[in-house]
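The values are calculated or read from the model by the stated rules, or taken from the named source; none is laboratory data. Because the structure is predicted, anything quoted here is derived from the model rather than measured. With ideal geometry, Cβ positions are generated from the backbone for all residues, glycine too; neighbour counts draw on all protein chains shown.
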Amino acid sequence: MRILFLTQWFQPEPLFKGLPFARALADRGHDVEVFTGFPNYPGGNVYRGYRVRLFQRETMDGIRVNRVALYPSHNKSAFRRILNYLSFALSSFLLASWIIRRPDVIYVYNLVTLGPAAFLLRLIFRSKVIVDVTDLWPESVMNSGMVRNRQMIDFLNKFCDQVYQSADRLIVVSPGVKKVLIARGVTPENIDVIYNWCDENSMKIYDDESDSPALYGLTDKFNIIFAGTMGTVQALDSVLACAAICQNGLPDIQFIFVGGGVDRDRLKKKAEGMGLMNVTFLPPQPIEAMGPIFAMADALLVHLKDDPLFRITIPSKTQAYLYTGKPIIMAMRGDAADLVREAGAGVLCAPEDPQEMMNAIKTLYQMPEIERRKMGEAGHRYYMGHLSFNQGVNQFEQIMMSLSREAS
């Protein structure tokens, strides 16, 4: 089976379903080819060793990678980000059919802007098109504030519906997204739920807490760790408010924030201003360095603001937390909460509710350590059985092979 990856981003950019995914399919005997842009994400600057030109071909870990021109940008300018998306979409539409080999299946990663190029290739090569809906459009665009014009939003709605309805198969990352797409006119049988996996190769699990650096001050406390981006959508002011409650009522509780983000500095200053002695901020860490830190966690925290969009969202840290085998405090409603509940991997509480979060923390804190360990182990077993990289690749391969047989 010949598979084309049609994606604006690819390694060396930090693409989640990039080279390792392509390599895994190639290792199973499939011929995988990539059509992408010149690497510039997330900073918007073209990576060293590359320069934008009309076309360039290279081989990465045995995978043929075709790169075409785009406008490199990824800053807060809505106009430039739109130009970034549209420039690659146009290059794909005009150049792909002249460059690639005939694919049986075209795998489109996330961007609906690539719909026209994918459908043109389908017409020319009689291929099948899979669209991997990682971010639901136009909802994610509206939520980011990139597009606010009502007429533009109406146009995007119609365009996105057309792309989703025209694909041969949609892959979504949660049951809630599937329900939304069915309501938007997509045939239910054309939608499959495949949960994201985490970077298992980079995340080492430490069973011995002594492996964690003592300099972080993570000893002799009940550690609740939030790892990842600290932005406005994480609504971490509520977590600081919870920390203030715990400082008085549960003095052994310690909150550790690990990572970066546009809101990190403000949150750190706010915690200092609130006199929170039970809050620590650690700098961003490479994923390879997170194992020892997770080893010192008594619980791992997921929190997003209480927004309807996030009820059908499963933050990527959820899978990483499950994989590490630590209890989870899931401060979200919807699909992410359902996942943790089904796995028996933690406790749930409402988002943006400091008192309820404190109650959830207290439940874990008062639980015997052996029960918390069983909870974490249940999460790890659930991850390996339902969400792992190998499970995900199996499901993608089965769908691709089914579509390939239809195309032949």
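Under 8 Å between Cβ atoms, which residue pairs at least 6 apart in sequence (or on different chains) link something in the range 104-117 that is crowded, with 22+ Cβ neighbours inside 10 Å with a partner that is among the acidic types (Asp, Glu)?
TYR107/ASP132; VAL108/ASP132; TYR109/ASP132
Do we have THR36 as exposed (fewer than 15 other Cβ atoms within 10 Å of the Cβ), outside any loop (DSSP other than H, G, I, E, B) and of a type in the set (Ser, Thr, Tyr) here? Working first, answer last.
Values: exposed (fewer than 15 other Cβ atoms within 10 Å of the Cβ): no; outside any loop (DSSP other than H, G, I, E, B): yes; of a type in the set (Ser, Thr, Tyr): yes.
Against the criterion (exposed (fewer than 15 other Cβ atoms within 10 Å of the Cβ), outside any loop (DSSP other than H, G, I, E, B) and of a type in the set (Ser, Thr, Tyr)), THR36 does not qualify.
Can you tell me which residue in the range 81-103 is nearest to the chain's Cα centre (by Cα), limited to those that are buried (at least 21 other Cβ atoms within 10 Å of the Cβ) and among the polar types (S, T, N, Q)?
Per the criteria, the residue is ASN84.
Determine, yes or no, whether ALA320 is on the phi < 0 side of the Ramachandran plot, buried (at least 21 other Cβ atoms within 10 Å of the Cβ), in a helix (DSSP H, G or I) and at pLDDT below 95.
On the way: on the phi < 0 side of the Ramachandran plot: yes; buried (at least 21 other Cβ atoms within 10 Å of the Cβ): yes; in a helix (DSSP H, G or I): yes; at pLDDT below 95: yes.
Yes, satisfied.
Tell me, which helices (runs of 4 or more DSSP H) lie completely within the range 61-144 with 1 or more residues that are modelled with pLDDT under 95? Reasoning before the result, please.
Working: elements: 78-99, 115-125, 139-144.
Here the list reads 78-99, 139-144.
When both residues are 6+ apart or on different chains and their Cβ atoms are under 7 Å apart, which pairs have a first residue that lies in the range 158-178 and is without any contact (Cβ under 8 Å) to a residue 60 or more places away in the chain, and a second that is among the basic types (Lys, Arg) and surrounded by fewer than 19 Cβ atoms within 10 Å (Cβ to Cβ)?
Qualifying pairs under 7 Å: ASP161/ARG184; TYR164/ARG184.
Mind checking which residues of the range 368-408 are within 16 Å of ILE328 (Cα to Cα) and in contact with a Lys or Arg (Cβ under 7 Å, 6 or more places away or on another chain)?
Listed by number, the list holds a single entry, GLY376.
Given the criteria of a type in the set (S, T, N, Q), more than 26 Å from the chain's Cα centre (by Cα) and within 14 Å of GLY37 (Cα to Cα), does GLN151 qualify? Let's see the steps before the verdict.
Numbers: of a type in the set (S, T, N, Q): yes; more than 26 Å from the chain's Cα centre (by Cα): yes; within 14 Å of GLY37 (Cα to Cα): no.
No: the conditions fail for GLN151.
In the range 256-290, what residues are of a type in the set (Lys, Arg) and surrounded by 15 or more Cβ atoms within 10 Å (Cβ to Cβ)?
ARG264, LYS268, LYS270 - these are the residues of the range 256-290 that are of a type in the set (Lys, Arg) and surrounded by 15 or more Cβ atoms within 10 Å (Cβ to Cβ).
In the range 257-278, which residues are under 26 Å from the mean Cα position of the chain (by Cα) and not in a helix (DSSP H, G or I)?
Taking the range 257-278 as the starting set, the residues that turn out to be under 26 Å from the mean Cα position of the chain (by Cα) are 257-268.
Within the range 257-278, PHE257, VAL258, GLY259, GLY260, GLY261, VAL262, ASP263 qualify.
Taking ASP61 as the residue in question, decide whether it is within 17 Å of ILE130 (Cα to Cα) and either touching a Cys at 6+ places or on another chain (Cβ under 7 Å) or not hydroxyl-bearing (Ser, Thr, Tyr) (or both). Walk me through it before giving the result.
Numbers: within 17 Å of ILE130 (Cα to Cα): no; either touching a Cys at 6+ places or on another chain (Cβ under 7 Å) or not hydroxyl-bearing (Ser, Thr, Tyr) (or both): yes.
Spelling it out, it is not the case that ASP61 is within 17 Å of ILE130 (Cα to Cα) and either touching a Cys at 6+ places or on another chain (Cβ under 7 Å) or not hydroxyl-bearing (Ser, Thr, Tyr) (or both).
Kindly check whether there is at least one residue in the range 331-345 that is hydrophobic (A, V, I, L, M, F, W, C), at pLDDT 95 or above, touching a Ser or Thr at 6+ places or on another chain (Cβ under 6 Å) and under 22 Å from VAL180 (Cβ atoms).
Within the range 331-345, the subset hydrophobic (A, V, I, L, M, F, W, C) is 331-332, 336-337, 339-340, 343, 345.
Narrowing the set further to residues that are at pLDDT 95 or above leaves 331-332, 336-337, 339-340, 343, 345.
With touching a Ser or Thr at 6+ places or on another chain (Cβ under 6 Å) added as a condition, the list becomes 336.
Then drop every residue that is not under 22 Å from VAL180 (Cβ atoms), which leaves 336.
Among the residues of the range 331-345, at least one is hydrophobic (A, V, I, L, M, F, W, C), at pLDDT 95 or above, touching a Ser or Thr at 6+ places or on another chain (Cβ under 6 Å) and under 22 Å from VAL180 (Cβ atoms), which makes the answer yes.
Could you pull out every one of the helices (runs of 4 or more DSSP H) wholly within the range 331-404 that has 1 or more residues that are among the acidic types (Asp, Glu) and more than 26 Å from the chain's Cα centre (by Cα)?
Filter on the range 331-404 gives 354-365, 369-382.
Mind checking which residues of the range 145-173 are at pLDDT below 95, surrounded by 15 or more Cβ atoms within 10 Å (Cβ to Cβ) and not in a helix (DSSP H, G or I)?
MET146, VAL147, VAL173
Could you list, in sequence order, the residues of the range 23-62 that are hydrophobic (A, V, I, L, M, F, W, C) and touching a residue at least 60 places away in the same chain (Cβ under 8 Å)? Can you show your working first?
Here is the first cut: in the range 23-62, the residues hydrophobic (A, V, I, L, M, F, W, C) are 24-26, 32, 34-35, 38, 46, 52, 54-55, 60.
The answer is ALA24, LEU25, PHE35.
Name every residue in the range 325-348 that is surrounded by fewer than 24 Cβ atoms within 10 Å (Cβ to Cβ) and out of contact with any Gly (no Cβ under 7 Å at 6 or more places or on another chain), in order of residue number.
Once the filter is applied, which keeps residues that are surrounded by fewer than 24 Cβ atoms within 10 Å (Cβ to Cβ) and out of contact with any Gly (no Cβ under 7 Å at 6 or more places or on another chain), the range 325-348 yields ARG333, ALA337, ASP338, ARG341, GLU342, GLY344, VAL347, LEU348.
Taking the range 227-259 as the region of interest, how many residues are in contact with a Lys or Arg (Cβ under 7 Å, 6 or more places away or on another chain) and under 26 Å from GLY291 (Cβ atoms)?
5
Can you pull out the residues in the range 288-317 that are part of a helix (DSSP H, G or I), of a type outside the set (Gly, Ala, Ser) and within 14 Å of the chain's Cα centre (by Cα)? Lay out the reasoning, then the answer.
The initial filter retains those residues of the range 288-317 that are part of a helix (DSSP H, G or I), namely 288-295, 308-312, 316-317.
Narrowing further to those that are of a type outside the set (Gly, Ala, Ser): 288, 290, 292-294, 308-312, 317.
The answer is PHE310, ILE312, LYS317.
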